[in-house]
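Below is one structure, written out as structure tokens; the observations come after it.
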Amino acid sequence: MEYFLQQVINGLQIGFVYALIALGYTMVYGIVRLINFAHGDVFMIGAFIGLYAVERYQWPLTAVFVSAVVGCTILAVLIEQLAYRPLRHAPKIASLITAIGVSLFLEYFTSLRQVFGPNFYSFPRPFAVVSWNWHGILVTNIQAVIFFVTVFCLLLLQFIVFRTKMGRAMRAVSFDYVTAGLMGVNVNMVISFTFGLGAALAGVGGVLYGIAYPQVNTFMGFMPGLKAFTAAVLGGIGNIPGAVLGALIMGQSETMVSAYVSSAYRDGIAFVILILVLLWKPTGILGTPRTEKV
Amino acid sequence: MRRSLSLVAVAVLSVAFFPGCKPPPGNEMKIGLITPLSGDVKTFGESVKNAFEIAVEEANTKGGVGGRKIATVIVDDRNDPTEASNAANLLINQHRVKAIVGSVTSKTTIPVSDLAQSSRIPTITGTATNPKVTVADGKRKDYMFRSCYTDSFQGTVMAKFARGELQAVTSAVLYDASNDYSKGIAEVFRDAFTRMEGKVSAYESYGKDDVDFSALLTKVKASKPDVLFLPDYYNKVGLIAKQAKEQGLEAKLIGPDGWDSPDLVKVAGDAIEGGYFSNHYSPEDTRPEVVNWVKKYREKFGQTPDALGTLTYDATNMLVEAIRRANSDDPGKIRDALASLKGFEGVTGKFTMDENGDPIKSAVIIQIRDGKQKFLQVVNP
């Protein structure tokens, strides 16, 4: 039983980090119907900003998170304006290919020696690691930080989307951006804001990832990005609670497969779950079918 | 990757279109080095490059080979198999090198060895320990050589050490399923440990890009091993060790020569303290060859040479010696001279090539104490 609960905690740790990334995918998809493949790399940039803030400037933890959030937000807004906006009315495939291009650009450009460099860097822990033993179940303060920061971000996001004017505009644009524009919503601004908001969460995720798994390199965004994307699809892409649910399911299924079956099947079974869910419910667990408007 | 690909393409095309064009007959002999100067095992690549340069410089101050100076071409492979075969193509087809030193890890050296074999360019690696580097499907790649022992030897050494010195009854193994080196040693260790009546209580794999080992380590912890064997390179080992400590795992950590980097302690901190690993030489050895070499390297680069650099120094010297004996730049003759090398005195021991191009040598065991490598004992084959 202790073994099971310990594994649940392990699964929650990775699941929460996936959730922060998955939210960015799902929000952007919800509004512009674009799978932003560069999102995983924005997450990587967040981790690097965190690395510099911790190692070079020794900023306090809050400042580390704020710097990563600000940096990623600016970057994502720039990407949106330079790469995606000119293609807003082009066929969807053009934006998709551009997204892949931006992703490769970020990975290889930052791996130049003049930027971050092509190596693996160890991420110093900004605080000492303490672990608590509760009836044989070990919880570390890293896991506590991940839990509280993620929950805080989720509540904040929920507040922004459902309690602010901008949130209402986002929901309106997501529902029908042409009509929203006719009603006086500044669609371009809302889209930029959505990219920025998703990137801010990815920035937080990047720093948490660096703290939890203390090593960063410029290609680190690829796998978590892919997993988070899968989680977003699993939960129903475009749906915010769905992304969190999907991420937690991904985290648990990966951990449980490693724990009770074999680590060799871990990724395989996680993706089999995805396929089964999509067969049963093609829009994802919480996704709603979208009726074609005539 | 694209750049080197296009260079290779240009090289191949220019050969195809201008069959009469040959590189100008310089009075130099070209030798290539493939080594990871960036990426996840960068410290390996750097010390290998340093050692290679020292060896070539020494050969050149002694008058070169057969009155000709040695010129070098150094290519970075980022510890990526695709990059490594691009690098080998570049060296063989564009730079027209007569011999290659490298690459450093097994997963990159295996593709290099296949290209070297098909192009008949004698190649010697200092450090790739996987058996498949010199033999494929039971067939000897007769242009491939190495100056290190193989994984079957070091896996057995560590199993013996864990069972004997550490009196471990149960052991756990975590390895990278996508890495020939890691997988190879893990298998040898498991079989040897079981043969010595030990029990392998957990045998689990992870992927190349994994950073979260908490599920595996919880599983390992539940199986209560006396030792945890981690056959991988320092960056991964550092991450695993750190998470193992945070999970409260008490097993002793042991591993192979992939641990040999100052960065191991940087990543793992005190989590790796007290760990043991097998290596090819110790800078604390008092044999005159070792003392001289360590002094020379320290003067030039201000740090103690690791085993990878040292092995490459031996490999490069063996190659130079073979070229001298062949007294020719014909790759076939250089190959024959390398294969017939006997009793060559290197820093890491005395070399005689066996029929597979693998030397027969002893290993040393090193412990990490106070964040430094301390020489423990020599193990003979």
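Here are a few things to note about the model shown:
- Three-way shape label, region A:1-106, alpha-carbon gyration tensor, a/c 1.5: oblate
- Crossing angle, helix B:234-246 versus chain B [Cα axis fit, 0-90 degrees, rounded to tens]: 10 degrees
- Translational D in µm²/s for the protein assembly as shown (Stokes-Einstein at 4 °C, 1.567 mPa s, Kirkwood Rh from C-alpha pairs): 48 µm²/s
- Longest segment of chain B lacking trypsin sites (Lys or Arg not before Pro) that sit in a DSSP loop with at most 11 other Cβ atoms within 10 Å: B:63-341
- Hull volume in cubic angstrom per residue (convex hull over the Cα atoms of region A:148-294): 136 Å³
- From the alpha carbon centroid of region A:33-88 to that of region A:167-224 is 10 Å.
- Kirkwood-based shape ratio for chain B, expressed as Rg/Rh from alpha carbons: 0.98
- The long axis of helix A:266-280 is offset from the longest Cα principal axis of chain A by roughly 40 degrees.
- Restriction of the trypsin sites (Lys or Arg not before Pro) in region A:52-100 to DSSP coil positions whose beta-carbon has at most 11 other beta-carbons within 10 angstrom yields A:Arg56.
- Dipole axis of the protein assembly as shown (+1 Lys, Arg; -1 Asp, Glu on Cβ), positive-most option in B:Thr127, A:Val185, A:Val17: A:Val185
- Judged by the ratio a/c of the largest to the smallest principal axis of the C-alpha gyration tensor, region B:151-279 counts as rounded, that ratio being less than 1.5.
- Qualifying trypsin sites (Lys or Arg not before Pro) in region A:184-290, DSSP loop, other Cβ atoms within 10 Å at most 15: A:Arg290
- FRET efficiency for A:Lys165 and B:Glu250, using Cβ-Cβ distance with R0 set to 41 Å, rounded to 0.05: 0.15
- On Cα atoms only, tilt of A:61-79 relative to the major axis of chain A in degrees: 30 degrees
- Gyration tensor (alpha-carbon) shape descriptor, region B:99-216, a/c threshold 1.5: prolate
- Normalised by the number of residues in chain A, the average gap of Cα pairs under 8 Å and 6 or more apart makes the relative contact order 36 percent.
- Over chain B: helical MRE at 222 nm, DSSP H runs n ≥ 4 each giving -39500 (n - 2.57), nearest 500: -13500 deg cm²/dmol
- For chain A, a Gaussian network of Cα nodes joined below 10 Å ranks A:Ile74, A:Ile237, A:Ile146 by mean-square fluctuation, and the top entry is A:Ile74.
- Among B:Met196, B:Met29, A:Met220, the order by Cβ neighbours within 10 angstrom, fewest to most, reads B:Met196, B:Met29, A:Met220.
- Percentage, to the nearest whole number, of Cα pairs in region A:2-280 over 27 Å apart: 39 percent
- B:Lys296-B:Ala222 FRET efficiency (beta carbon distance; Förster radius 60 Å; 0.05 resolution): 0.75
- For region A:4-98, the set of chymotrypsin sites (Phe, Trp or Tyr not before Pro) satisfying both a DSSP loop assignment and a count of at most 15 other C-beta atoms within 10 Å is given as A:Tyr57.
Every read-out reported here was derived from the displayed coordinates using simple, explicitly stated rules and does not represent laboratory data. All of these numbers come straight from a predicted model, not from anything done at the bench. All Cβ positions, even for glycine, are placed from backbone atoms using ideal geometry, and neighbour counts span all protein chains on display.
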